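Take a look at the structure below.
The values are calculated or read from the model by the stated rules, or taken from the named source; none is laboratory data. This one's a predicted model, so the numbers in the text were calculated from it and none came from an experiment. So basically every Cβ, Gly included, is an ideal-geometry build from the backbone, and we count neighbours across all protein chains shown. Please note that ligands, DNA and RNA were not included when accessible areas were found on the heavy atoms of the full protein model with its side chains. Shrake-Rupley method; radii C 1.70, N 1.55, O 1.52, S 1.80 Å.
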Amino acid sequence: MPAESKTVLITGASSGIGEATARRLAGLGHRVLLGARRTDRLAALAGELRAAGASVAHRELDVTSLDSVRAFADAGVAEYGGIDVLINNAGVMPLSPIEDLRITEWEQMIDVNLRGVLHGIAAVLPQMRRQAGGHIVNVSSVAGHRVDPTAAVYSATKFAVAAVSEGLRQESRDIRVTVVSPGFTQSELTHRGGSPEAQGAARTAAEQLAIPASAIADAIAFAIDQPANVDVNELVVRPTAQG
Ligand code: NDP
């Protein structure tokens, strides 16, 4: 069990890293509020975790809507009386070469991966200031450190997440900010959108290399369970064999 049981809001908790993080944190005794658009998945996960004795709530969430993210944060306060941690995890990665001009997918990545993170910060910051404390964990990527062909726009959003996180960290004296940057990880990230060639290549690489989502959940749990005056600024976690 962690030293202190916390209220943790997780975006994108219906699959992959978000789901694994919900399992890990609930298992450690934290109270978790799960958000995503696929509420059937959330309900099943919440039911399973509650049956194991955890304190879990869930709510429909679309991070591209500030109103939706604010309602999610309000639900956390109503259910648990405050928000100790927000994990901005929701993300999409429809890969393609720039010259394909898949502009709708560029905008989707900006809306979910960058605007979604900003909406999360905007929704919880007033509450965390009132509490004089809190922790925001932003899930970036190895692609937030390097750019590869077909991943230019995805990388741009993840570089931006790192920049926003560093700015927020510098401006905060009582709110911890952590960036978690995974490498290839088992999830549903390559299942939707993108050009068939680029997504196929990403799926093949992931099948050969990917580490379980629980490895990223463990890194997030490590950052959360540090004392309030210890801010883990960034954790990069990738498969040993990833270049
Ligand atoms: P998944 O596709 O399995 O999970 C993505 C999650 O984001 C889902 O729960 C999905 O839920 C949610 N989501 C997508 N759009 C929205 C939206 N508009 N509003 C709310 N939730 C949304 O992929 P991962 O678990 O891999 O992705 C989690 C994070 O990890 C992402 O930020 C991703 O960029 C990052 N990452 C992943 C890596 C990997 O190799 N897997 C590597 C590096 C970073 P729903 O569709 O139900 O709304």
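Hey, among the residues in region 179-196 that are in contact with a Leu (Cβ under 9 Å, 6 or more places away or on another chain) and more than 10 Å from the ligand (Cβ to nearest atom), which one's most open to solvent (accessible area, probe 1.4 Å)?
Across region 179-196, the extreme among qualifying residues is Gly193.
Only one residue in Asp74, Asp67 is farther than 15 Å from Ile224 by Cβ, within 13 Å of the ligand (Cβ to nearest atom) and open to solvent by 60 Å² or more (accessible area, probe 1.4 Å). Which one?
Asp67
What are the residues in region 1-20 that are touching an Asp or Glu at 6+ places or on another chain (Cβ under 7 Å), among the hydroxyl-bearing types (Ser, Thr, Tyr) and within 10 Å of the ligand (Cβ to nearest atom), if any?
Listed by number, the list holds a single entry, Ser15.
Sort out which residues of region 21-42 are of a type in the set (A, V, I, L, M) and within 8 Å of the ligand (Cβ to nearest atom), and write them in order of number.
Answer for region 21-42, where residues must be of a type in the set (A, V, I, L, M) and within 8 Å of the ligand (Cβ to nearest atom): Ala36, Leu42.
Would you mind listing the helices (runs of 4 or more DSSP H) fully within region 125-241 where at least 3 residues are charged (D, E, K, R)? Reasoning before the result, please.
Working: elements: 152-171, 196-209, 213-224.
Ranges flagged: 152-171, 196-209.
Looking at region 85-97, is at least one residue open to solvent by 40 Å² or more (accessible area, probe 1.4 Å), small (Gly, Ala, Ser), outside any helix (DSSP H, G or I) and more than 23 Å from Ile216 (Cα to Cα)?
no
Of the residues Gln127, Gln199, only one is free of Cβ contacts under 8 Å to residues at least 60 places away in the same chain and either among the hydrophobic types (A, V, I, L, M, F, W, C) or farther than 19 Å from Ala219 by Cβ (or both); which?
Gln127 is the lone residue from the list that is free of Cβ contacts under 8 Å to residues at least 60 places away in the same chain and either among the hydrophobic types (A, V, I, L, M, F, W, C) or farther than 19 Å from Ala219 by Cβ (or both).
Given Leu61, Leu45, which one is in contact with an Asp or Glu (Cβ under 8 Å, 6 or more places away or on another chain) and either modelled with pLDDT under 95 or within 15 Å of the ligand (Cβ to nearest atom) (or both)?
On inspection, the qualifying residue turns out to be Leu45.
Specify which of the listed residues (Ser214, Ser141) is in contact with a Phe, Trp or Tyr (Cβ under 9 Å, 6 or more places away or on another chain) and of a type in the set (Gly, Ala, Ser). Don't jump to the end; show me each part of the working.
Working: Ser214 fails: in contact with a Phe, Trp or Tyr (Cβ under 9 Å, 6 or more places away or on another chain).
Exactly one residue qualifies, and that residue is Ser141.
For region 50-65, check the following and say yes or no: at least one residue is closer than 30 Å to Ala202 by Cβ, among the charged types (D, E, K, R) and out of contact with any His (no Cβ under 9 Å at 6 or more places or on another chain).
Step one: filter region 50-65 for residues closer than 30 Å to Ala202 by Cβ, giving 58, 60-65.
Retained after the next criterion (residues that are among the charged types (D, E, K, R)): 60, 62.
Applying the additional criterion that residues be out of contact with any His (no Cβ under 9 Å at 6 or more places or on another chain) yields 60, 62.
Yes.
Please name all residue pairs, on different chains or six or more residues apart, with Cβ atoms under 6 Å, provided the first residue is in region 159-173 and is surrounded by 13 or more Cβ atoms within 10 Å (Cβ to Cβ) and the second residue is among the small types (Gly, Ala, Ser) and outside any helix (DSSP H, G or I).
Listed pairs, sorted by first residue: Val161/Ser140; Ala162/Ser140.
State all residues of region 21-40 that are out of contact with any strand residue (DSSP E or B) (no Cβ under 9 Å at 6 or more places or on another chain) and either at pLDDT below 95 or not in a loop (DSSP other than H, G, I, E, B) (or both); if no residue qualifies, say none.
Arg23, Arg24, Gly27, Asp40
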